[in-house]
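J.: I have a structure here, written as structure tokens, and I will follow up with some questions on it.
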Amino acid sequence: MTSLLTVKLGRDLRASWSRLLLMAIANAVSLMVFGGVLLVWGATARETRNAYLSTDPASATILFDKPIDAEKLRAVAAEARQRPGVIEAAGRTQFNSEVEVNGSRRFIPLQVFVAAPDDPMRVANFRIEPGSWPPAPGELLIGRDSLGLLGVAVGDTVTVETPSGDSVPLRVAGTVYDPSLSPSPQEQTGRGYLSTTSLAAPGRPPSLDQLKIQVFDGGRSQRNCSRARRCWG
Amino acid sequence: MEYVIQVSDVLKTYPVAAGEFVAIDRLSLDIASGEFVAIMGRSGSGKTTLLNLLAGIDRPTSGSVRVAGADVGSLSESAMAAWRGRKVGLVFQFFQLLPTLTVVENVMLPMDFAKMISMGKRRGRAESLLELVGIGDQADKMPSTLSGGQQQRAAIARALANDPPLLLADEPTGNLDSGTASAVLKLFADLNAEGRTIVVVTHERDVRSVASREVTLMDGRVIADEGARREVPV
């Protein structure tokens with residue numbers, strides 16, 4: 001740069017210092033906001049992944065053509081756990097139901113997840129707040145973010161319709177945080193969790209139609225790795 | 001006869017929504033060294049486009065433009081800038097003085113770029129050029145404190161900074177009152193009398209009193225050329 005251009009630059013800066021200051025402030029604010037967005041984005045991605053992995057998600061879900069007896073499926077799961085690479089297996093089922101809360105119909109469907117009462121919840125699990133699995137017979141756990149959507153509170157009675165057509169009244173005993181699912185308001189679907197004992201009817205043993213299995217993932221997830229007891233390296 | 005400018009069959013078009021707009025239409029024009037040429041015509045006739053081609057600010061679509069010994073169309077951007085700094089002085093309607101440099105610094109700036117004049121002599125030369133154009137006492141003032149006529153004189157002094165053989169001026173009196181315009185034209189006439197080639201684009205008739213040649217454009221073509229020096233066959 002020639003000496004005259006240096007002189008010009010100096011005078012230009014002096015002549016428009018207030019504008020330059022505002023520009024610097026605007027740049028700083030923009031960078032801070034952009035940095036903040038990046039930070040939140042990064043943190044959200046990290047926490048979402050960690051929360052999802054904390055549920056020990058199933059590697060695959062085998063859906064049976066028709067429900068089978070829960071005891072039989074327990075034996076199938078035990079057999080599956082003996083297969084090479086399979087580190088966990090559990091029988092489950094799920095269904096969608098119309099729902100009534102304290103006798104009042106809701107126009108939001110309820111997605112109901114069902115597991116055996118003695119399911120150790122080592123695959124596709126969720127956090128019960130407060131308490132632990134299983135809920136007592138006749139009780140239902142509701143997804144935390146489904147409470148407002150369905151207009152239901154702990155202690156209310158929720159009536160669901162089972163796949164066999166029975167209307168079953170269930171008391172809401174607690175809430176569940178399940179980070180493996182998208183938020184209920186986003187899906188416009190409530191989530192409920194109950195054990196097979198709440199669906200059992202005289203002469204009709206509880207049945208399940210899903211086998212969730214978890215396979216060794218090569219040590220990518222610490223929980224999966226520790227459960228497999230054989231990590232790479 | 002030595003020609004400073006040789007424009008041969010030049011076409012200049014601009015892409016527009018409707019297709020190609022022809023600004024200069026197969027124009028040929030030779031200007032001999034030492035001529036004072038006024039290029040006239042209505043708005044949109046192609047005057048400024050022609051001046052931009054002569055100054056190397058723009059390049060022809062086809063044809064050749066030779067100015068001060070260089071084929072303007074074939075120079076690279078950096079070579080063009082170096083050539084322009086040494087061979088061409090430009091004067092604009094709105095002066096284009098840098099507002100944060102003093103008048104004398106504005107005149108010295110082209111010398112800084114071209115580096116044809118040693119650093120120690122630049123200020124002295126700039127001051128003498130300002131004396132030449134009649135504003136030597138304004139040297140250390142900022143351009144904004146000068147009148148329009150004084151600013152145009154400063155711009156002319158800046159155009160002369162590297163002693164170019166060719167001065168190109170685009171409506172140099174367009175922003176001046178008639179008295180000041182006459183004085184500026186007289187200054188151009190004096191510079192021409194020293195042997196410098198001057199091309200002035202204007203739509204003002206006053207320039208007739210000082211220009212030796214008047215080229216009139218219409219729709220990108222020369223429709224009249226009065227006062228051209230003719231080569232006499234021997």
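The values are calculated or read from the model by the stated rules, or taken from the named source; none is laboratory data. Just so it is clear, the structure is predicted and the values come from calculations on it, not from any experiment. Every residue, glycine among them, receives a Cβ derived from its backbone with ideal geometry; neighbour counts consider all protein chains shown. Protein only, heavy atoms only, side chains kept; ligands, DNA and RNA dropped before computing areas. Shrake-Rupley method; radii C 1.70, N 1.55, O 1.52, S 1.80 Å.
J.: In this structure, is A:L140 outside any helix (DSSP H, G or I), without any contact (Cβ under 8 Å) to a residue 60 or more places away in the chain and open to solvent by less than 30 Å² (accessible area, probe 1.4 Å)?
T.: On the way: outside any helix (DSSP H, G or I): yes; without any contact (Cβ under 8 Å) to a residue 60 or more places away in the chain: yes; open to solvent by less than 30 Å² (accessible area, probe 1.4 Å): yes.
Yes.
J.: Related question: Is there any pair linking a residue in the range A:30-46 that is assigned by TED's automatic domain parsing to the domain that holds A:S182 and at negative phi to one that is open to solvent by 60 Å² or more (accessible area, probe 1.4 Å) and part of a helix (DSSP H, G or I), with Cβ under 7 Å and at least six apart or on different chains, and which?
T.: That search, which allows pairs on different chains as well, returns nothing.
J.: Answer yes or no as to whether A:V112 is at pLDDT 95 or above and out of contact with any Asp or Glu (no Cβ under 8 Å at 6 or more places or on another chain). Reasoning before the result, please.
T.: On the way: at pLDDT 95 or above: yes; out of contact with any Asp or Glu (no Cβ under 8 Å at 6 or more places or on another chain): yes.
When the stated conditions are applied, A:V112 passes them.
J.: All but one of (1) touching a Ser or Thr at 6+ places or on another chain (Cβ under 6 Å); (2) not in a helix (DSSP H, G or I) hold for B:L97, so report the exception by its number.
T.: (1)
J.: Related question: For A:N96, all conditions in the list (1) under 19 Å from A:E187 (Cβ atoms); (2) open to solvent by less than 40 Å² (accessible area, probe 1.4 Å) hold save one; what is the number of the exception?
T.: Checking A:N96 against (1) under 19 Å from A:E187 (Cβ atoms); (2) open to solvent by less than 40 Å² (accessible area, probe 1.4 Å), the one that fails is (2).
J.: Only one of (1) away from chain B (no Cβ under 14 Å); (2) open to solvent by less than 50 Å² (accessible area, probe 1.4 Å); (3) among the charged types (D, E, K, R) fails for A:E71. Which number is that?
T.: Failing condition for A:E71: (2).
Every residue, every condition in (1) crowded, with 21+ Cβ neighbours inside 10 Å; (2) assigned to a strand (DSSP E or B); (3) among the hydrophobic types (A, V, I, L, M, F, W, C), yes or no:
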| position | (1), (2), (3) |
| --- | --- |
| B:A157 | yes, no, yes |
| B:N162 | no, no, no |
| B:T180 | no, no, no |
| B:L187 | no, no, yes |
| B:V215 | yes, yes, yes |
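Conditions (1) crowded, with 18+ Cβ neighbours inside 10 Å; (2) not in a loop (DSSP other than H, G, I, E, B), marked per residue:
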| residue | (1), (2) |
| --- | --- |
| B:L53 | yes, yes |
| B:M80 | yes, yes |
| B:G85 | yes, yes |
| B:V104 | yes, yes |
| B:M111 | yes, yes |
| B:R125 | yes, yes |
| B:S128 | no, yes |
| B:D137 | no, yes |
| B:D140 | no, no |
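J.: Shifting gears a bit: Given the condition within 14 Å of another protein chain (Cβ to nearest Cβ) and surrounded by 12 or more Cβ atoms within 10 Å (Cβ to Cβ), answer yes or no: does some residue in the range A:40-63 qualify? Even if it seems obvious, please write down each step before you answer.
T.: Let us first name the residues in the range A:40-63 that are within 14 Å of another protein chain (Cβ to nearest Cβ), namely none.
No, the range A:40-63 has no match at all.
J.: Hey, among B:N192, B:N175, which residue is in contact with a Phe, Trp or Tyr (Cβ under 8 Å, 6 or more places away or on another chain) and in a helix (DSSP H, G or I)?
T.: Values: B:N175 fails: in a helix (DSSP H, G or I).
Exactly one residue qualifies, and that residue is B:N192.
J.: Please go through the range A:145-169 and give me each residue that is part of a loop (DSSP other than H, G, I, E, B) and under 30 Å from A:K66 (Cα atoms), ordered by number.
T.: Taking the range A:145-169 as the starting set, the residues that turn out to be part of a loop (DSSP other than H, G, I, E, B) are A:151-156, A:162-166.
Across the range A:145-169, the qualifying residues are A:T162, A:P163, A:S164, A:G165, A:D166.
J.: Any residue at all in the range B:17-26 that is in contact with an Asp or Glu (Cβ under 7 Å, 6 or more places away or on another chain), in contact (Cβ under 8 Å) with a residue 60 or more places away in the chain and open to solvent by 70 Å² or more (accessible area, probe 1.4 Å)?
T.: Start the filter on the range B:17-26 by keeping residues that are in contact with an Asp or Glu (Cβ under 7 Å, 6 or more places away or on another chain), which leaves B:25-26.
Retained after the next criterion (residues that are in contact (Cβ under 8 Å) with a residue 60 or more places away in the chain): B:25-26.
Narrowing the set further to residues that are open to solvent by 70 Å² or more (accessible area, probe 1.4 Å) leaves B:26.
For the range B:17-26, residues in contact with an Asp or Glu (Cβ under 7 Å, 6 or more places away or on another chain), in contact (Cβ under 8 Å) with a residue 60 or more places away in the chain and open to solvent by 70 Å² or more (accessible area, probe 1.4 Å): present.
J.: With the checklist (1) out of contact with any Asp or Glu (no Cβ under 8 Å at 6 or more places or on another chain); (2) not in a strand (DSSP E or B) in hand, flag the one item B:I223 doesn't pass.
T.: Just one mismatch for B:I223, condition (2).
J.: Further question: Which numbered condition in (1) in a loop (DSSP other than H, G, I, E, B); (2) in contact with a Phe, Trp or Tyr (Cβ under 7 Å, 6 or more places away or on another chain) is the only one that A:D209 fails?
T.: Result: A:D209 fails condition (1) only.
J.: Which is surrounded by 10 or more Cβ atoms within 10 Å (Cβ to Cβ) and more than 14 Å from chain B (Cβ to nearest Cβ), of A:L5, A:L21, A:L13, A:L9?
T.: Details: A:L5 fails: more than 14 Å from chain B (Cβ to nearest Cβ); A:L13 fails: more than 14 Å from chain B (Cβ to nearest Cβ); A:L9 fails: more than 14 Å from chain B (Cβ to nearest Cβ).
The unique qualifying residue is A:L21.
J.: (1) closer than 28 Å to B:S182 by Cβ; (2) of a type in the set (G, A, S); (3) within 11 Å of chain A (Cβ to nearest Cβ): which one isn't true of B:G136, the others all being true?
T.: (3)
J.: What number of residues in the range B:113-123 are in contact (Cβ under 8 Å) with a residue 24 or more places away in the chain and part of a helix (DSSP H, G or I)? Steps first, please.
T.: Start the filter on the range B:113-123 by keeping residues that are in contact (Cβ under 8 Å) with a residue 24 or more places away in the chain, which leaves B:113-114, B:116-117.
Restricting the remaining residues to those that are part of a helix (DSSP H, G or I) gives B:113-114.
Of the residues in that region, 2 qualify.
J.: Additional query: Find all pairs meeting these conditions: Cβ atoms under 6 angstrom apart; at least six residues apart or on different chains; first residue within the range B:72-95 and without any contact (Cβ under 8 Å) to a residue 24 or more places away in the chain; second residue part of a strand (DSSP E or B).
T.: B:V72/B:V65; B:G73/B:V65
J.: Can you tell which of B:E194, B:E204 is within 19 Å of B:G89 (Cα to Cα) and charged (D, E, K, R)?
T.: B:E194
J.: Return yes when B:R66 is modelled with pLDDT of 95 or more and among the basic types (K, R) and no when it is not. So that I can check it myself, show each step before the final result.
T.: On the way: modelled with pLDDT of 95 or more: yes; among the basic types (K, R): yes.
Yes, satisfied.
J.: Can you go through A:V112, A:V158, A:V176 and tell me which one is over 18 Å from the mean Cα position of the chain (by Cα), of a type in the set (A, V, I, L, M) and crowded, with 17+ Cβ neighbours inside 10 Å?
T.: Details: A:V112 fails: over 18 Å from the mean Cα position of the chain (by Cα); A:V176 fails: over 18 Å from the mean Cα position of the chain (by Cα).
Going through A:V112, A:V158, A:V176 in turn, the sole match is A:V158.
J.: Consider the range B:86-105. How many of its residues are under 17 Å from the mean Cα position of the chain (by Cα) and within 12 Å of chain A (Cβ to nearest Cβ)?
T.: Going through the range B:86-105, the residues under 17 Å from the mean Cα position of the chain (by Cα) turn out to be B:86-97.
Filter once more, so that each one left must be within 12 Å of chain A (Cβ to nearest Cβ): B:97.
Matching residues across the range B:86-105 total 1.
J.: The conditions are (1) touching a residue at least 60 places away in the same chain (Cβ under 8 Å); (2) open to solvent by 10 Å² or more (accessible area, probe 1.4 Å); (3) farther than 14 Å from A:Q111 by Cα, and A:T196 fails exactly one of them. Which is it?
T.: Of (1) touching a residue at least 60 places away in the same chain (Cβ under 8 Å); (2) open to solvent by 10 Å² or more (accessible area, probe 1.4 Å); (3) farther than 14 Å from A:Q111 by Cα, only one is false for A:T196: (2).
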